[in-house]
1. Let a ≥ b ≥ c be the square roots of the eigenvalues of the Cα gyration tensor of region B:439-485; is it rounded (a/c under 1.5), or, if not, prolate (a/b larger than b/c) or oblate?
2. Nearest 100 Å², what total accessible surface is buried between chain A and chain B (probe 1.4 Å)?
3. Could you look at the protein assembly as shown and say what percent of its accessible area is carbon and sulfur, using a 1.4 Å probe and all protein chains?
4. Can you give the accessible area of A:Ile44 in Å² (nearest 10), computed on protein heavy atoms with a 1.4 Å probe?
5. Calculate the FRET efficiency for A:Glu84 and B:Thr348 from the Cβ-Cβ distance with a Förster distance of 51 Å, rounded to the nearest 0.05.
6. Over region B:2-241, what portion of Cα pair distances is larger than 21 Å, expressed as a whole percent?
7. Under the definition of Cα pairs under 8 Å and six or more residues apart, what whole-number percent is the relative contact order of chain B?
8. Could you work out the relative contact order of region B:84-170, using alpha carbon pairs under 8 angstrom and six or more residues apart, expressed as a whole percent?
Amino acid sequence: MTGELEMEDEGDVAVTVPERWQLRLYVAGMTPKSLTAFANLRRICDEHLEGKYSIEVIDLMVSPQLAKGDQILAIPTLVRRLPEPVKKIIGDLSDTDRVLVGLDIRPLG
Amino acid sequence: MAETTLQEIPVLETFQKCPTGIKGLDEITGGGLPQGRPTLICGGAGCGKTLLAMEFLVRGTTEYDEPGVFISFEEKSEELTKNFASLGFDLNDLVAREKLLLDYVHIERSEIEETGEYDLEGLFIRMGYAIDSIGAKRVAIDTIEALFSGFSNETILRAELRRLFRFLKGKGVTAVITGEQGERTLTRFGLEEYVADCVIFLSHQVVNQIATRRLRIIKYRGSAHGTNEYPFLLDEQGFSVMPISSIGLDHSASSERVSTGIQRLDTMLEGKGYYRGSSILVTGSAGTGKSSLAAHFVDAACRRGERCLYFAFEESRNQIIRNMRSIGLDLGQWVDKGVLEFRNSRPTLYGLEMHLVAMHRAIEEFQPAIVVIDPISNLMSVASEMEVKSMLSRLIDYLKMKEITAFCSALTVGGAAGDRTEEGMSSLMDSWILLQSLEGDGERNRGLYILKSRGMQHSNQVREFCLTDNGAKLQDVYVGPGGVLAGAGRIAQEAREKADALGRSQEIECKQRDLERKKALMEAQIAALRIGFDTEVDELERAISRGKLHREAVARDTLTMGRARAADDTPIPEGNGARNGKGERR
């Protein structure tokens, strides 16, 4: 809710933001860090992008060849594929404020 | 991992080495880089780290059939392919044959937001996947320090780096990791802390505007290695290191002799010339004929069919050929026949070590029997005396080891061409010929001395060294009360002596003629006397025979008269009778 409001506050940018958020979370096995990251992501999305997002979880242990495509180094990495431009957020997403900034859901400050 | 353990079992105590295939590097490291372990290559920008890493992989695939993975944090795969095409490495082909895998890892700080805990498992998975997909045995990472600019959490990074090296070891790959030189540390981010096995440092120093690349092995755990700074060369053939410190003094010594190309100089050297494989130094001030002496030596060698390599630091090839034609030597024909090769370069073209490397390579390629360096003193302009000496001693050791006869010329400064060479390297040389200007009578002439020639009874005489249309000639100088005379002075003195000699011989001839005349006169007198004597003898003999005839006639008459008188038939002895007859008659 607040997300939408704040996005509108951004004026022009808010208008161009598409309805669909395509997110991809790269993990390497079901490690505690991966699980924390996934839980944090779900929580943030549910709070700010309810119904407008899709999350794809890629386990590099299973398909290592996918690491090259998105230039994944750190685990876990969250990639915002849509809306453009592509954004990358690394870490277990425990710092909610930074995640919001990173995803352009909320401007810094 | 299992594979590595199996490989390591037969070699107890020591570990195996992974040959790099890079010229010289395997010699310095005693066989290559530590197998299955990471090696750090550090150095400043543009010193050849990436090239060394890439050549390690390329040579690995082409020479040892070990596939390699190149993980680049700096250059994209296409850029790498283009850059290395200029060095003759066809990366595309290797990639197509799955011998090589280029993986460009892109890190853009602005695209990354850090939120909480993370690790670099993604990178590990990626590397592991790349390694497994082609069965790589070698890995190069260029340069891992890019991670430090991509991630802000250094604590995590350092922990992950340590894990990375463990991971690489676990994979059993021989890894080469490059790192940028830091201000006070080997690498900007202290990678040397993590790579404990082997650290190679590359430098690119500029001294007096001349750049020289050098390589040094800072550390090689568990292995002996060369500790010096070794110069290396980057060119179209890739990387070459010169493992040339003084190799030792155990080279063989040939007793074969080679002609100097000048007959009288051979004569001065026991009539046989220099020893094969020895080093010859010719010093002299400007224009004393050092190059001509070299050209004669080369010409004689080519005539015997030996291969000669001529390093010229002053003149171009064509200039030398033209100039030597003026003293009747056609060096061009030997070049055409392929037995003589010139390598001309300005000393300032690159550093001393580079010259050494280039010379080594040229010698390896051409396999000459004779090497001429004309002049070594020019190298002085690019380095200090000590460096030149060290370089020359290495070069000469190398040549001696290969039994190549080295002919070096050196320019001595000013008129004072003493027994001292600039480089102080006469002790390295076996034979030392000094060409000196002999001044006098308003002209300069060339004098040639043999200052030393190890292992032979050489002449201690000075000779005048003349350059004629038919080559160099050695002339005796005039040594007399007026000192040593050469050139016009010598010629004048010779003329004087000739005149004297002529005068003396004329005098002798005159006396001789006198003698002849006297002899003839005397003989004439003898003949006249003999004629007179013969006449007298003749007359006397005639008188005697007349007398005899007369006596016989008288005797006959007496007998006839006696018979007529019917005297006694008593024979009267003829003589007495005749005398008596005569007496009686009287």
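The values are calculated or read from the model by the stated rules, or taken from the named source; none is laboratory data. Treat the numbers as computed from the prediction; the structure is a model and nothing was measured. We place every Cβ from the backbone using ideal geometry, glycine too, and count neighbours over all the protein chains shown. Side chains included, ligands, DNA and RNA excluded: accessible areas come from the protein's heavy atoms. Shrake-Rupley method; radii C 1.70, N 1.55, O 1.52, S 1.80 Å.
1. Values: a/c = 2.43, a/b = 1.31, b/c = 1.85.
Here region B:439-485 falls in the oblate category.
2. Numbers: alone 6540 and 29980 Å², together 34360 Å².
About 2200 Å² of accessible surface is lost on pairing.
3. Working: 17580 of 34360 Å².
C and S atoms contribute 51 percent here.
4. 0
5. Values: r = 56 Å, r/R0 = 1.09.
My answer for the efficiency is 0.35.
6. On the way: 16012 of 28680 pairs.
Within region B:2-241, distances greater than 21 Å cover 56 percent of Cα pairs.
7. Numbers: 979 pairs, mean separation 68.8, N = 586.
About 12 percent, as a whole number.
8. On the way: 37 pairs, mean separation 26.2, N = 87.
Reported as a whole number, the value is 30 percent.
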